[in-house]
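The values are calculated or read from the model by the stated rules, or taken from the named source; none is laboratory data. Everything numeric here is computed off the predicted structure, so don't read it as measured data. Don't worry about glycine lacking a Cβ; one is built from the backbone with ideal geometry, like all the others, and counts go over all protein chains shown.
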């Protein structure tokens, strides 16, 4: 139990505290809570919400659009390594069934969400349809925690769950970029983002290595690493973020082009792997350097996004919950079964087909990313609050996973 609690404190405790504080505050004094959330830090600012010909930087914008870029940058780092490194978890046949299951874990919730919304009538459908992506999300940290509780740290289903969650994160980033722009699209600004990525890659990564050919002591690469460190990538990140903001795409994704340019390890140990703390490549050093700041950012994310009044429960709450609690397990099981059996791609040794149902229940915890999608999908108001309530209530999936694990006689594998 100590190891479980240690994991919780490392990755999730501040987020939970922020969310609970927001819930209590919003239900005691909603006016002061919303005043705090939308507090203006800088009017006529160079960044922020655009309106009436100028931008306003609010506390909510600072956290959701600026600081959360570091959270999504860390998620992108895990996805990038899983895809490009030799031992990456999303490479080769071993990733095929989890990728099919991920597809099911997105199509299932979308079908349930939009199908049920259509049954509620055209007025309700029009009001909630843009939130179709909210139940596709999987909160990777909480799902990993619950998966370990249900299966045990050594069960192959836990690794399967992580592969699924990483792929889900990748798909979520694509959905956020394509379907939830933050303003009018001006995609020519993306030239700034990708130019910044190309320039920093050439000057701080490719060129020093090119100059160091046939030199065992690698003087140029060493000088860049020791003297400049993260600075070139931080500067490029600022330009890339601004390019995303000006383009109309969600600026929280602004660091993604830069992540791929940072020198990284030649192998991936997997997300949450203790072994990564001993790697000295710049990408891993940046990730571990950001760990504590991102925990604080997640506290403020929970504080500024989870403050919904209990009276705001509505149609969107039911739809988000149905998509997560019904659509996720159903989609993951069906598509996972198709991949493993008819397509012959198989599942990891020691794992049963029926375990896909339990994995689906674990993956139904949407929380962090579902909250973010709810904020991006709807303007502030009753529909957004109702959708957020569904994201918060998705913690019920943890109970569902524990119960289904007992009923389906999951055998725990200690780590």
Just wondering, is there one or more residues in segment 29-38 that are loosely packed, with under 14 Cβ neighbours inside 10 Å and not in a helix (DSSP H, G or I)?
yes
Give the residue, chosen from 386, 306, 377, 364, that is assigned by TED's automatic domain parsing to the domain that holds residue 145, modelled with pLDDT under 95 and under 20 Å from residue 116 (Cβ atoms).
377
Which residue out of 348, 329 is surrounded by fewer than 24 Cβ atoms within 10 Å (Cβ to Cβ) and more than 16 Å from the chain's Cα centre (by Cα)?
348
Given (1) surrounded by fewer than 24 Cβ atoms within 10 Å (Cβ to Cβ); (2) out of contact with any strand residue (DSSP E or B) (no Cβ under 9 Å at 6 or more places or on another chain); (3) closer than 28 Å to residue 386 by Cβ, residue 143 misses just (1)
With criteria (1) at pLDDT below 95; (2) over 25 Å from the mean Cα position of the chain (by Cα); (3) farther than 19 Å from residue 74 by Cα, residue 229 comes up short on (3)
Tally up the residues in segment 196-219 that are free of Cβ contacts under 8 Å to residues at least 24 places away in the same chain and surrounded by 15 or more Cβ atoms within 10 Å (Cβ to Cβ), please.
3
So if I check each of 399, 358, 369, which one is in the same structural domain as residue 175 (by TED's automatic domain parsing) and without any contact (Cβ under 8 Å) to a residue 24 or more places away in the chain?
399
Could you tell me whether residue 385 is surrounded by fewer than 21 Cβ atoms within 10 Å (Cβ to Cβ) and under 21 Å from the mean Cα position of the chain (by Cα)?
no
